[in-house]
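Undergrad: Before anything else, here's the structure in question.
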Amino acid sequence: VMLEMLCGERLSFSYIRIGGVDGDTTHGFMDKLGEFVELFPKKIREYNRLLTDNFIFRKRTAGVGVLRPDVAIAYGVTGPCLRASGVRQDVRRDEPYSVYPKLEFDIPVGTADHGGPIGDAWNRYNVRMKELEESTKILRQCIDQMPAGPVLAEKVGRVKPPKGEAYTRSENARGELGFYIVSDGSMQPARVKVRSPSFSNISVLPELAKGAMVADVVAIIGSLDIVLGEIDR
């Protein structure tokens with residue numbers, strides 16, 4: 001609903017542009033966003049009462065699909081799935097970009113205080129719950145620090161990079177989103193490879209499913225939080 005209010009679309013493919021965004025915030029959007037960041041922490045506490053501390057939920061996820069950190073790294077797992085295994089890796093902190101150096105937020109990692117080991121399905125769930133809290137902190141700071149001025153650069157020309165290759169990455173909700181680009185010096189790239197986190201994360205499923213019951217495999221897949229569109233591509 002917030003995205004539709006901002007740019008008229010639920011999936012905002014064309015709102016973000018090179019050099020900024022397509023348009024300024026709509027009337028009342030910032031007020032609604034302020035209301036949301038005040039309300040959402042209460043909702044998180046409600047979710048925690050329903051699931052995080054729920055005895056049945058813990059029994060179904062604690063100790064299920066344990067992902068060791070060395071296995072996660074070997075398969076290229078990133079994002080919450082990797083952090084749930086105890087590895088405090090986050091591109092926003094490791095290679096700061098955009099406004100992240102100006103923001104204060106924590107990087108939650110897996111724990112072993114829930115009746116199961118670090119890196120299990122419950123940890124992959126719980127890290128995401130904690131990241132909801134951190135995202136709310138980030139939104140609150142962005143509201144306070146939002147500068148005035150133009151939202152899109154006046155002149156944004158076509159990019160003609162020199163010959164060579166480059167890789168850049170950013171942190172998204174499911175892990176490291178990377179772009180590998182090879183240039184031959186023309187306006188069109190000679191090669192582009194997109195590294196989608198869901199595709200890399202799902203590759204570890206055969207390791208996690210070894211010896212698991214079918215019902216546990218369902219929980220394991222859910223804890224990986226994949227997006228099939230990323231994988232199908």
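Undergrad: Assuming R0 = 30 Å, can you tell me the calculated FRET efficiency for the pair Asp22 and Arg49, based on Cβ-Cβ distance, to the nearest 0.05?
TA: Given R0 = 30 Å and the Cβ-Cβ separation, E is 0.15.
Undergrad: In addition: How large is the accessible surface of Lys59 in square angstrom, using a 1.4 angstrom probe and rounding to the nearest 10?
TA: Here the residue's solvent-accessible area equals roughly 140 Å².
Undergrad: Based only on the alpha carbon positions, what is the Kirkwood hydrodynamic radius of segment 103-220, in angstrom?
TA: Hydrodynamic radius (Kirkwood, Cα only) of segment 103-220 equals 18.6 Å.
Undergrad: Mind checking the per residue accessible area of segment 104-201 for me, 1.4 Å probe, whole number of Å²?
TA: The answer is 59 Å² per residue.
Undergrad: Nearest 10 degrees, 0 to 90: what angle lies between the long axis of helix 29-47 and the longest principal axis of the chain (Cα atoms)?
TA: Tilt of helix 29-47: around 10 degrees.
Undergrad: Still on this model: Can you sort Tyr15, Tyr75 by solvent-accessible area, 1.4 Å probe, largest first?
TA: These residues rank, largest area first, as Tyr75, Tyr15.
Undergrad: Moving on to the next point. Over all directions, what mean area does the Cα convex hull of segment 141-196 project, stated in square nanometres?
TA: Averaged projected area of segment 141-196's Cα convex hull equals 5.9 nm².
Undergrad: Share of Cα-Cα pairs in the chain beyond 28 Å, in percent?
TA: 42
Undergrad: While we're on this one: Taking the simple approach of a point 7 Å from Cα along Cα-to-Cβ for both Glu95 and Ala74, what is their distance in nm?
TA: 2.5
Undergrad: Let me make sure I get this right: for segment 64-121, a, b and c are the square roots of the gyration tensor eigenvalues over alpha carbons, sorted descending. Under 1.5 in a/c it's rounded, otherwise prolate if a/b > b/c, else oblate. Which is it?
TA: oblate
Undergrad: Heavy atoms only, 1.4 Å probe, whole protein assembly: order Arg128, Arg83, Arg17 by accessible area, highest first.
TA: Arg17, Arg128, Arg83
Undergrad: Taking all protein chains in place and a 1.4 Å probe, what share, in percent, of the accessible surface of the chain do carbon and sulfur account for?
TA: Of all accessible area on the chain, carbon and sulfur atoms account for 58 percent.
Undergrad: In degrees, nearest 10, range 0 to 90: what is the angle between the Cα axis of helix 121-145 and the longest Cα principal axis of the chain?
TA: The answer is roughly 30 degrees.
Undergrad: Sticking with this structure for a sec: Let me know the number of lysine pairs in the chain closer than 21 Å at the Cα, not counting same-chain pairs under 8 apart.
TA: So the count of such lysine pairs works out to 13.
Undergrad: Continuing with the same structure: Run the 1.4 Å probe and let me know the accessible area of Phe40, rounded to the nearest 10 Å².
TA: 40
Undergrad: Also: Semi-axes of the equivalent ellipsoid of segment 5-117: what are they in whole Å, largest first, if each equals the square root of 5 times a C-alpha gyration tensor eigenvalue?
TA: 33, 22, 14
Undergrad: Here's another thing I want to ask about it. At q = 0.19 Å⁻¹, work out log10 I(q)/I(0) for segment 60-164 with the Debye formula, treating every Cα as an identical point scatterer and leaving solvent out; two decimals please.
TA: For the requested q values the scattering log ratios are -0.94.
Undergrad: Another question, if that's okay. Quick one: accessible area per residue over segment 48-91, 1.4 Å probe, rounded to a whole number of Å²?
TA: That works out to 51 Å² for each residue.
Undergrad: With a/c under 1.5 counting as rounded, go ahead and sort segment 167-233 into rounded, prolate or oblate using the C-alpha gyration tensor (a ≥ b ≥ c being the square roots of the eigenvalues; past the cut-off, prolate if a/b is larger than b/c, else oblate).
TA: prolate
The values are calculated or read from the model by the stated rules, or taken from the named source; none is laboratory data. Because the structure is a prediction, the values reported are computed rather than measured. Glycine also receives a Cβ, built like all others from the backbone with ideal geometry; neighbour counts cover every protein chain displayed. Note: accessible area is taken over every heavy atom of the protein model, side chains too, but ligands, DNA and RNA are not part of it. Shrake-Rupley method; radii C 1.70, N 1.55, O 1.52, S 1.80 Å.
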